[in-house]
Every structure is written in C-alpha cells, then in structure tokens.
1. Could you please give the count of residues in region 194-208 that are surrounded by fewer than 19 Cβ atoms within 10 Å (Cβ to Cβ) and free of Cβ contacts under 8 Å to residues at least 40 places away in the same chain?
2. Being among the hydroxyl-bearing types (Ser, Thr, Tyr) and surrounded by 15 or more Cβ atoms within 10 Å (Cβ to Cβ) is the filter; apply it to region 93-131 and report the residue that is farthest from residue 157 (Cα to Cα).
3. Just give me the residues in region 157-172 being surrounded by fewer than 19 Cβ atoms within 10 Å (Cβ to Cβ) and either aliphatic (A, V, I, L, M) or in a helix (DSSP H, G or I) (or both), in sequence order.
4. Which residue pairs have Cβ atoms closer than 6 Å, lie 6 or more positions apart in sequence or on different chains, and pair a first residue in region 154-183 that is farther than 17 Å from residue 199 by Cβ with a second residue that is crowded, with 16+ Cβ neighbours inside 10 Å and polar (S, T, N, Q)?
5. Could you give me the residue pairs with C-beta distances under 9 Å whose first residue belongs to region 131-142 and is under 10 Å from residue 107 (Cα atoms), whose second residue is among the polar types (S, T, N, Q) and assigned to a helix (DSSP H, G or I) wherever it lies, and which are 6+ apart or on separate chains?
6. Given region 1-99, what helices (runs of 4 or more DSSP H) lie entirely inside it while holding 1 or more residues that are under 22 Å from residue 168 (Cα atoms) and over 21 Å from the mean Cα position of the chain (by Cα)?
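Just so it is clear, none of the values below were taken in a lab; they were calculated from the coordinates. Here the structure is a predicted model, which means the values were calculated and not measured. Note: ideal-geometry Cβ built from the backbone for every residue, glycine included; neighbour counts use all protein chains shown.
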Amino acid sequence: MIDIMIKALIIAGVIGHLICCMCDLLLIYSPSGKFNFKLFNDNDKMSQIFKKMSSRNPLISMLLGVLAITFMSGGYIGLGLWMGQFSKGYQIALLIATVVCFIPMTAHHVFCGVAEWFYIELDRTERARQVIFDFFKKTSVTMYVTYLALLCFWGILLIAVVSGATSLSAWMCLINVIPVITVLLLLKVPGALNVASAIVFLALVILL
C-alpha cells in the first residue's frame, strides 16, 4: 500500500512540473517575443515584448502555478517517504529541504505573476518598470531560497544513491535533476528546470 501511495505522489510531481512549465511559458513568451531578465534594464525593448501580451496570462499563470506547486510538492514528499526505508537521516534531510523549498516557491511564483500583471496593466511605462524591478529585487530572497533548497534536495539524493544508501545502483545518480538540467541548459531548452524535474520524476516512477 505504501508503494502505491509513494508512486502516486511521484506521479503528482511529474504532473505538477509539467503544469508549472506551462505557467512559466505563459510569463516568458508573448506574441512579440521572449522575455529575459536583461530586458529589465531597457524599458523600450521590454515594452515591445509585452506590447501584445494579455494581462490574463500572468493571472492564469499565478492560479495554475499554485495548483502546480501543490502537485509538485507531492513528488518531493513521496521521495522523502521512499528514502525512509533506507535511512532516517537522509529522509529527514529530504523532507526539511522540501518544506524549505515549497513555501517560498509559492510566494516567488505569485510575485513574478503579480509584477508582470502590474507592468502590463500600468501600460508598460518606465515608471511601471522601475516599480516592478524594485519589487522583484525586494522579494528575490524567495527565489534564492527556493533554488538553494532544490539544489540541496537533489544533491542529498545524489549523495545517497552514490554512497549506496538506497536500492538504486550508483550509476542511477545520473537520474537526478542536477545532471539532467545541465544538459537541458546547454541545449537551451525552455523551462529547463521543470522539464528536467518531470523527466527525473517519470524515470523514478518506473525504477522505484
């Protein structure tokens, strides 16, 4: 029964990351092009990117994103529960990383959507850019904590597999977000973090 529950949670992680990937694409891509953080310094270029963007995009992204993060957290909790049969120490470390990650992650995703919504609704002016840029800087701690906690989670899992603390063979440490996302970033795949996470969770559903 516990195996079924764990696999269900990990499958939820796959679904959550795929939904979150779509949410990120709603924020990044517009009919006029792709947004990147370098545009924060040039309102003329940034305004052109968001010129044809509907303010519904960030609203949909925020709402679906909260649902996605709820599903995603299930996958990480599932891996933490699975680890418990091998090592209580590793299990506690994974579950702590999960809690530390997903509370600020939810806030960060909402903050990104809010900033984009206000920029569009305030007619993409220079003043609007300054306000959202200041807002993003002051709330960026949520982003840093999120990514640091994710790095810790997957780093802990990688160490556990390599050290032989689990039932997985050492080579299976490659089925980890850290190496997978490295490849996807080199290939410039959009939404690399969520794509890598979905691939890893899907592989773990099959292997565990």
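1. 4
2. Across region 93-131, the extreme among qualifying residues is 119.
3. Across region 157-172, the qualifying residues are 158, 159, 162, 165, 168, 170, 171, 172.
4. Final answer for the pair search is 160/166.
5. If the second residue must be among the polar types (S, T, N, Q) and assigned to a helix (DSSP H, G or I), the pairs left are 142/106.
6. So the answer is 2-28, 56-83.
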